[in-house]
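Trainee: This is the structure I want to talk about, given as structure tokens.
The values are calculated or read from the model by the stated rules, or taken from the named source; none is laboratory data. For clarity, every value in this text was computed on a predicted model and none was experimentally measured. Cβ placement follows ideal geometry from the backbone for every residue including glycine, while neighbour counts extend to all protein chains displayed.
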Amino acid sequence: MKKLIAITSAVLATSALSTAAFADNINDDLRMAESRYNALAAEASAEGYQVGDLYSEPMTTSQKLDVIGEKNAELKDLLNTQYSAN
């Protein structure tokens, strides 16, 4: 019985640590993605384009990452089109 309790405690501790590490990684990913977006948005604004808010409603972190990915792609296409026209 003592071995079962020790094994269960070890498994629970490991899963708690890995969950915390995953949460840190996804938050780091979000901060990095937001920084990239903000850099592209600043560049687009400097070119005269109006860039809207990044988030229009509350959403989960993974949803935010998806939105940022889509908006980054839009801004990249916009800037590529602008630069290729010049």
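Trainee: Being outside any loop (DSSP other than H, G, I, E, B) and at pLDDT 90 or above is the requirement here; does residue 17 meet it?
Mentor: Values: outside any loop (DSSP other than H, G, I, E, B): yes; at pLDDT 90 or above: no.
Here the answer is no, as residue 17 does not meet what is asked.
Trainee: Restricting to segment 37-54, and then to whatever is surrounded by fewer than 14 Cβ atoms within 10 Å (Cβ to Cβ) and not small (Gly, Ala, Ser), can you tell me which residue is nearest to the chain's Cα centre (by Cα)? I'd like the intermediate steps shown before the answer.
Mentor: So the first thing to find is which residues in segment 37-54 are surrounded by fewer than 14 Cβ atoms within 10 Å (Cβ to Cβ), and the list is 38-39, 42, 45-50, 52-53.
In the following step, the residues that additionally are not small (Gly, Ala, Ser) were identified as 38, 47, 49-50, 53.
Details: 38: 12, 47: 25, 49: 23, 50: 22, 53: 15 Å.
So, considering only residues that are surrounded by fewer than 14 Cβ atoms within 10 Å (Cβ to Cβ) and not small (Gly, Ala, Ser), the one nearest to the chain's Cα centre (by Cα) is 38.
Trainee: Condition test on residue 59, is it in a helix (DSSP H, G or I) and farther than 22 Å from residue 82 by Cβ?
Mentor: Working: in a helix (DSSP H, G or I): no; farther than 22 Å from residue 82 by Cβ: yes.
Here the answer is no, as residue 59 does not meet what is asked.
Trainee: I'd like to know if segment 55-72 contains one or more residues that are loosely packed, with under 10 Cβ neighbours inside 10 Å, modelled with pLDDT under 90 and under 20 Å from the mean Cα position of the chain (by Cα).
Mentor: The answer is yes, given that some residue of segment 55-72 is loosely packed, with under 10 Cβ neighbours inside 10 Å, modelled with pLDDT under 90 and under 20 Å from the mean Cα position of the chain (by Cα).
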